[in-house]
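A short worksheet on the structure shown next.
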Amino acid sequence: MTDPMDALRASAAADPPAGAADVGTVVAVTAETAMPSLWSYFGGDDDRVACRLIVGEEDVGYVGRGAVLGQMAGQVRGLGDASAGATPPGAPTGYAEIELRCDEPGCRLNPIHTFLYDAEFPLHCPLHPQRVLHPPQAD
């Protein structure tokens with residue numbers, strides 16, 4: 001069986017694809033939760049062609065929509081697939097996408113997408129570890 005991180009690294013590129021406008025960032029706690037997070041991100045908007053992927057502390061690179069959605073075909077899907085064997089902090093949202101932001105001016109990872117969020121144990125920005133990620137402020 002292929003290591004999930006090896007599969008993610010193999011599908012990633014160092015740079016975003018040419019012509020990709022606003023490339024978002026997806027943060028996953030583990031390699032096992034990365035695919036459901038990516039499926040949620042790309043499923044949330046048909047115009048999304050790529051995103052930057054960060055798994056735990058590792059900046060994996062840029063992954064394209066086709067590579068991610070192509071891996072769905074062979075998956076057995078069911079409730080709780082992403083957390084089988086371990087429960088990361090936060091409450092699962094049924095793979096509903098949550099947008100978070102780093103409040104560091106000009107942070108290039110914004111917007112950051114995940115499917116786990118717990119305000120008591122917030123994620124920190126991978127580029128600015130001193131900054132806590134938060135939902136966008138209502139104007």
Top to bottom by accessible area (1.4 Å), largest first, where do 57, 104, 32 land?
57, 32, 104
The answer for region 4-54, accessible area per residue at 1.4 Å probe in Å², is 44 Å²
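The values are calculated or read from the model by the stated rules, or taken from the named source; none is laboratory data. Nothing here was measured: the structure is a model prediction, and the numbers come from that model. Only protein heavy atoms, including side chains, enter the accessible area calculation; ligands, DNA and RNA are left aside. Shrake-Rupley method; radii C 1.70, N 1.55, O 1.52, S 1.80 Å.
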